[in-house]
Amino acid sequence: MLTSCTTETRQTSASAHEPAELQAGLMAEHAWISPKFLYDELGSRLFEAICELPEYYPTRTEAAIFERNGADIARAVGAGATLIDLGAGNCAKAASLFPLLRPRQYVAVDISTEFVTGAIDSLRQRFGQIDMRACGLDFSRPFTLPPEVREERRLYFYPGSSIGNFTPGEAVEFLRRVRAQCGDDGGLLIGIDLEKDKAVLDAAYDDALGVTAAFNRNVLRHANQLLGADFDIRRWRHQGFYNADAGRVEMHLAACGEQQVHWPGGGRAFGDGEDIHTENSYKYRPAGAIALLERGGFEATRIWTDPERWFAVIHAQA
Ligand code: AVI
């Protein structure tokens, strides 16, 4: 695991156990690939494109909540914090809030170090007064922030409903890890997607242009690279749908015809229609979201939603 922060550009140190993790999922009775493998460089760019799609409401709905309630949110969280952006990507969301939140230090944390370091380099030119750090680490596992990160008033920022990509049990563990790195004066500003009509959710995760399909199928290209596998990407079909009983959107890749996939030291046969589960995206009711935060050791102080109550931004304190 890579846990150092830097102000210089450097290479991602992919974790050595990734091929083993991929292989274990592919060999499971119902094959699966962790959604973190969706985000190689191309996957991160495809996700940026998803956020522009008319069907994918979370990004614009969350942005509208920040736009409409900016002053109120800034009052609730207070200025001068150490803003720790989990899954920062291109850092655009946090940067748009700098004028409101006026952080003293900004720490952009992401599994993709190249992506986040490049973003920080250009932000530094615009916001010279904020101390900025890029930090490459996989926060889906236990993590420790390096000593350069200020301990005072840590405000964790976790927008975009990425918490929905954990199971509720994993989400609680994740929140507890954040809480442990928070200090008693810290807090969390989090975006959480809410339950809504199946038709809206189905369209958001299976868009007309096929961008989400490309994003999902790209995980096989990434698996080919990491594992030396020979998935024939054209022979896998995207599935993205709301499973109301489980309270989550699921993404799968279904085999088009029987096929044998090989990788050094292993392989697997897939039957026609057999699928690989690639992502869950849990949707919560407001009360469920607050309860989740409480189980994670936080107390929700404020909740802001859009008029249709499709999405919630919550401030929680340690
Ligand atoms: C990053 N995460 C919150 C997205 C979501 O909505 O679960 C990932 C995504 N998968 C398909 N479309 C977007």
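Which percent, to the nearest 5, of DSSP beta bridges fully inside the chain are antiparallel? Intermediate results must be reported in sequence, preceding the final value.
Details: 35 of 56 bridges.
Bridges in the chain that DSSP calls antiparallel: roughly 60 percent.
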request  = Would you please calculate the Kirkwood hydrodynamic radius of the stretch 246-295 over all C-alpha pairs and express it in Å, rounded to one decimal?
outcome  = 13.7 Å
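Find how much the distance from A49 to A269 grows on full extension, using 0.36 nm per residue of separation minus their present alpha carbon separation; answer in nm with one decimal. All intermediate terms of the calculation are to be shown ahead of the outcome.
Working: separation 220, 0.36 × 220 = 79.20 nm, distance 3.27 nm.
Additional length available on full extension: 75.9 nm.
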remark   = E299 and R176 label points (each 7 Å along its Cα→Cβ direction) are spaced in nm at 2.0 nm
remark   = At q = 0.07, 0.09, 0.12 Å⁻¹, the log10 of I(q)/I(0) for the chain from a Debye sum over equal Cα scatterers comes to -0.28, -0.46, -0.83
query = How much length is gained on full extension from R285 to R102, taking 0.36 nm per residue of separation minus their Cα-Cα distance?
reply = 62.8 nm
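Two-decimal Rg/Rh of the stretch 101-198 from alpha-carbon positions, Kirkwood Rh?
Radius of gyration over Kirkwood radius for the stretch 101-198 works out to 0.98.
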message = With a 10 Å cut-off between alpha carbons and a GNM built on the chain, which of R126, R153, R177 moves the most?
response = R126
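Bear in mind that the values in this text are calculations on the coordinates, not laboratory data. Note that the structure is predicted; figures quoted are calculated from it, not measured. Using ideal geometry, Cβ is built from the backbone for each residue, glycine included, and neighbour counts are taken over all protein chains shown.
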